[in-house]
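Working notes, beginning with the structure itself.
What follows is calculated from the coordinates using simple rules that are stated; it is not laboratory data. Fair warning: this is a prediction, and the values are worked out from it, not measured in the lab. For neighbour counting, all protein chains shown are included, and Cβ atoms are generated from backbone atoms with ideal geometry for every residue, glycine included.
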Amino acid sequence: MSYPKKREFQISEVANGIIDPVLARRAGISTALLGSWDEIAGEDFADCTRPEKIAWPRRDEGTGSGGGHQAGVLTIACEGARALFLTHAQGELIARINGFFGFPAVRQIRIVQKPVSQTFKHPRKPPPLKGEAAKRLETMMEGIESEALKKAVTRLGTAVLQQKRKV
């Protein structure tokens with residue numbers, strides 16, 4: 001009896017398989033659009049914009065429109081004053097989005113002003129060690145020859161041996 005070969009999956013394949021149907025149902029977009037947004041928006045707007053949803057028009061059975069595909073309205077979140085510049089570049093952005101999809105998927109862009117980028121606070125550097133702790137760290141590093149390793153161990157040792165702050 002032979003067993004079928006098991007295929008290895010990347011976590012992104014599994015995640016996209018789970019997330020894509022939810023995004024398509026809720027927002028009308030795919031993870032491919034979200035993942036490629038930096039290239040689509042370009043360097044001018046990649047850091048300050050994010051696609052939110054595509055609103056597709058409802059298909060009415062009674063109208064004689066032929067039942068073909070109708071382009072939707074893409075809602076884009078944009079930060080502050082950059083929305084004005086995005087308004088002026090709408091035509092180019094719509095062309096890039098439709099080029100990405102390979103068909104005229106978007107006919108209009110709706111811009112919503114809201115914060116897009118998450119502010120990330122870099123942790124402060126700990127102050128250098130003093131007194132007994134500095135001597136103890138020096139004796140621990142005596143056998144290390146590599147300068148890069150010494151710097152890394154110094155950073156780690158400084159953070160570990162630092163006196164805890166009282167809150």
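What to note about this one:
- Taking the Kirkwood radius as Rh and the Cα radius of gyration as Rg, segment 88-164 has a ratio of Rg/Rh equal to 1.48.
- The length gained by stretching the chain between Ala133 and Arg96 to full extension, at 0.36 nm per residue less their Cα-Cα distance, is 7.5 nm.
- Segment Trp56-His69, extension gain: residue separation times 0.36 nm, minus the distance between their alpha carbons: 3.7 nm
- Ranked by the mean number of other Cβ atoms within 10 Å of their residues, highest first, the peptides 137-143, 75-81 come out as 75-81, 137-143.
- Taking every lysine pair in segment 121-167 that is 8 or more places apart or spans two chains, those with Cα atoms closer than 16 Å amount to 5.
- Cα gyration tensor of segment 121-167 - equivalent ellipsoid semi-axes, whole Å, descending: 21, 15, 6
- Placing a pseudo-label 7 Å from each Cα along the Cα-to-Cβ vector at Ala32 and Val153 gives an inter-label distance of 5.1 nm.
- Residues Phe100, Phe45 arranged by fewest to most Cβ contacts within 10 Å: Phe100, Phe45
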